[in-house]
1. Evaluate E = 1/(1 + (r/R0)^6) for Ser11 and Asp527, where r is the Cβ-Cβ distance and R0 equals 41 Å; express this FRET efficiency to the nearest 0.05.
2. Distance cut-off 25 Å, Cα to Cα: go down the list Lys227/Lys305; Lys41/Lys480; Lys7/Lys227; Lys259/Lys457; Lys259/Lys299; Lys7/Lys480 and report the pairs above it.
3. Checking the a/c ratio against 1.5 first, then a/b against b/c, what shape does the Cα gyration tensor give for the stretch 568-631?
4. Using only Cα atoms, what is the ratio of the radius of gyration of the stretch 247-373 to 2.2 N^0.38 Å?
5. Compare the Cα positions of Gly165, Ala136, Ala120 along the charge dipole of the stretch 102-191 (+1 at Cβ of Lys, Arg; -1 at Cβ of Asp, Glu; about the Cα centre) and return the one farthest towards the positive end.
6. Per DSSP H run of at least 4 residues, take -39500 (n - 2.57); add these up for the chain, divide by its residues and hand me the 222 nm value, nearest 500 deg cm²/dmol.
7. Taking the DSSP beta bridges in the chain as the whole, what percent of them are antiparallel, to the nearest 5?
8. Taking only C-alpha pairs under 8 Å that are 6+ residues apart, what is the relative contact order of the stretch 81-161 in percent?
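Since every read-out is calculated from the coordinates, none of them should be taken as a lab result. Small disclaimer: the values here were computed from a predicted structure and weren't measured. No Cβ is skipped: glycine too gets one built from the backbone with ideal geometry, and neighbour counts run over all protein chains shown.
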Amino acid sequence: MILNCSKIDKSFGTDVILSQASFVIEDKEKAAIVGVNGAGKTTLLRIITGEEPADSGEVYLSAGKSIGYLAQYQDLDSNNTIYEELKKAKQELIDMEQRLTELYGLIDGSASEEQSSYLAEYDRLHHEFTLRDGYAYKSEITGVLKGLGFTEEDGHKPCSKLSGGEKTRVSLGKILLTKPDLILLDEPTNHLDIGSVSWLEGFLASYDGAVILVSHDRYFLDHVVTKVIDIDRAKVGVYLGNYTQYAEKKRAAREAELKHWQEQQAYIAHQEKVIEKLRSYNREKSIKRAESRVKQLEKLERLEKPQMEMEKLRIRIKESDRSGNDVLSVRGLSKSFGEKELFSDVDLDIRRGEHVGIIGENGTGKTTFLKILNHAVEPDQGDFRLGANVEVAYYDQEQQLLDDSLSLFDEIREAYPDMTDTEIRNVLATFLFVGDDVFKLVGDLSGGERGRLSLAKLLISPCNLLILDEPTNHLDILSKEVLECALRDYGGTILFVSHDRYFINVIADRILDLTDGRFDDYHGNYDYYLEKKAAREAAANVTSARTATQAAQDWKADKERLAKERKLKNEKAAIEARIQKLEERSESINMELTREDVFTDMKKCLQLQEELQAIQTEIEDLFSRWEILETL
């Protein structure tokens, strides 16, 4: 064991953040702290480091163990270059190397007592230097520099000229190079592109110390952690496994809680009914029995109704009229800024119903490509064309058309006057605006909050082509899951840029990888992209190039597979719509049967009963087909 947190309590005013929080971190264990925004994840990290005092409880760190902590926001005030700042993490080894050089110069081979002292010190230092991989520290620094997305040329940049995100990356690099026994990382994947996140994944998974992460990147958590510490309404639960395993266990636990609550509610209702019946007899014996049952109910510890968040916050994207099959056609598109060419001679087609994710390293031109499609940036060459009846909704974090003088609530109300107050609050709550937050002025929001509000407005606007630029930024895990659920159910076309690999994996059925100025096309989700890319790279190592015929055959096979999947998906959606229509008719018939003019008319009753039976038969047949499609 390296860390033991025992019965930690923490409140801010009347808000209870942590209540009797307890958990243990073993040596070399990798754990995640999860919870909605504001649950207390960062507060818990600060309590562990001693930066924030707990109201009560204890934090025990094993004797002689060191901690490295990366906060979300870094103010790296240094005139050093990036490389010099990273070298500070290896200062002990650098000092040791300098002393070894000095000693080597002092040793002359004579047999004096002073020379013996030099030799003894040299042998001791050299042994320690070797044990601590002293000869590899320069390559370690270079590896971390490149892994975090810096080039060798970037290494010469002064830290004082860096952006906030770049300073955070430098601070992360220093912690990784220091190699503490326990690393605490608060949102370490912010400001990293997909390549850098993948590198950090591998680094932490094989790290020889313990790690505690706070992150909304579920793909990252799935590949790094083996324990999840869940903060839910101030209570802490511990789940073994990665994030996906935790989510399944948490869902099962919630369902069990709901079942127990429902059973208790049924028990209470039954007892109250019996009590009322006993009292109605108005006899001394029955009244005493009623009073006895009342006392039993008063002693009963009432269970709190579990909150089923996904059901409460579920939203549906409004679709406009169906577009044509050909949604977007791009021909010969090129764009450069000065001498930097982003992409050239791009040809691609997107068809109705496709969910296309664009990936690539930072600075390759992904956002610029989307801006060209939205007429916010002009291409150098080429053009694009939207298909018949295509209506676009575009989300760009940098261009949010909001009225600063309105409250959040009124911003939605003015755009969608037919929505009820409850519907507006539910949409805002999905994107983390709850309680009195909905009455904040738009002009007082931070950049991240403005992005969330714009996304909320976008998803309730009628469209059949969604173009999204980093839609999951500034969202917690629950809001991401609600967004994913809405996008999966959306029958229109989606084109999006994201660095969130979990989000890409569950939403995309096609990947466009922007590399070296071109789009490499993969007809599948992110896992499929990784598999295919690895296979292509492996094949490239065996032979210098694959033939155009082979590549075309692969592309054709992928396209045919995707077409079959889309056909099954469309059939499934049609079945779901038909079932809903039949169930609505069934409810309507049952309502009709309660009317006196109907249930007294035997002929009419018989007709309705026959229709009900036919509806039930059709629904059963449809469900059978639906199950087959779900399996396929």
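1. Efficiency for this residue pair is about 0.45.
2. Lys227/Lys305; Lys259/Lys457; Lys7/Lys480
3. In terms of gyration-tensor shape, prolate.
4. 2.29
5. Result: Gly165, furthest along the dipole toward the positive end.
6. -16000 deg cm²/dmol
7. Within the chain, antiparallel bridges account for around 50 percent of the total.
8. Relative contact order for the stretch 81-161 comes out at 49 percent.
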